[in-house]
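Enquirer: I'd like to ask you about the structure that follows.
The values are calculated or read from the model by the stated rules, or taken from the named source; none is laboratory data. Being a predicted model, the structure only gives us computed values, none of them experimental. Glycine gets a Cβ as well: all are built from the backbone with ideal geometry, and neighbour counts include every protein chain shown.
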Amino acid sequence: MATLNILPDSSMNKSIVLIVSLCSVLFFGCSQAETVSSQGETVPPKTITQVPDAQTTKSLTLTEADVLIAATIQAINQENVNFFMPYLMERDRAPENVQAALNHYRAYFQGEEITDFERLGVEQLGETGNQTPIQRFNYRIANNQGISKQIAVYQDQSIRLDDPFLLYSVYANRLVERYIDAIQSQDIDKLSRVLNIEETLFSQDELREIISQYKDLFSLDSLNYQFIGVESERQQFLYTISGQNGREHEIKVIYGDGLVSLHDQFIPLNQGS
């Protein structure tokens, strides 16, 4: 399976793009409209005065994890980019990354504020070489419309927020943007750089056919995209591509193991769906 380093000017391609070495991070998916479970304990967020230090070597307590999740909810609702920086992997500490995640939260929760969270459990996973505990606190956050998603507080060398939005949203958006740009410009070489990888090499005719299918459906200069949801079981971000004629076409970005990949039924021999 081919991989490429993600850099601002690097080539992203159809099947696989290496985002970052995720080593000990364990992910949670989410669905488009999960209903809050009756199991666990639902706790409304309260005003937060102090959150745990991301660099602490002490074992995080349940109360401290609750405080961090409550503060995270406030930060999402207020779109406070700076709040998230200490709780991300160093590679991801960029305003663009966080803003992309916040935009996806807003779309996922349909513009409604998150109002409470539910504890789902704590996993003790051992300890690091310097005896820092490795543990994960699992939560579900929700709004008053019954829309919910899972998020976790993960502790090993530091304390991190563990959510696919925070880890993958910006890279998924970039992949979609480069794909659309290649189609709009009808640039076969550019589309080849987006789609062709070691295992999958599309011919010039196949690449032209992809562009042709979009031309049949849309006026290419009007193409736009929108994030519309998540399929947690398949670890997929869902997007629609649309144009001025009101038509829409759905594509998917698969995430996981530090990779994102583009799936579109217009791409020949596309893997899975």
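Enquirer: Within segment 160-169, is there a residue that is surrounded by fewer than 22 Cβ atoms within 10 Å (Cβ to Cβ), in contact with a helix residue (DSSP H, G or I) (Cβ under 7 Å, 6 or more places away or on another chain) and not aromatic (Phe, Trp, Tyr)?
Expert: Looking for residues that are surrounded by fewer than 22 Cβ atoms within 10 Å (Cβ to Cβ), in contact with a helix residue (DSSP H, G or I) (Cβ under 7 Å, 6 or more places away or on another chain) and not aromatic (Phe, Trp, Tyr), one finds none in segment 160-169, hence no.
Enquirer: Would you mind listing the strands (runs of 3 or more DSSP E) fully within segment 184-273 where at least 3 residues are free of Cβ contacts under 8 Å to residues at least 12 places away in the same chain and either crowded, with 19+ Cβ neighbours inside 10 Å or out of contact with any Asp or Glu (no Cβ under 7 Å at 6 or more places or on another chain) (or both)?
Expert: Passing ranges: none, list empty.
Enquirer: For residues that are loosely packed, with under 14 Cβ neighbours inside 10 Å and of a type in the set (Ser, Thr, Tyr), tally how many sit in segment 129-143. Steps first, answer last, please.
Expert: Looking only at segment 129-143, we keep the residues that are loosely packed, with under 14 Cβ neighbours inside 10 Å, and these are 129-131.
Now drop any that are not of a type in the set (Ser, Thr, Tyr), which leaves none.
Within segment 129-143, residues that are loosely packed, with under 14 Cβ neighbours inside 10 Å and of a type in the set (Ser, Thr, Tyr) number 0.
So that you can scan it fast, the table gives a plain yes or no per residue for (1) modelled with pLDDT under 95; (2) more than 26 Å from GLU231 (Cα to Cα):
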{"site": "GLU41", "(1), (2)": "yes, no"}
{"site": "VAL67", "(1), (2)": "no, yes"}
{"site": "GLU79", "(1), (2)": "no, no"}
{"site": "ASN97", "(1), (2)": "no, no"}
{"site": "HIS104", "(1), (2)": "no, no"}
{"site": "GLN110", "(1), (2)": "no, no"}
{"site": "GLU123", "(1), (2)": "yes, no"}
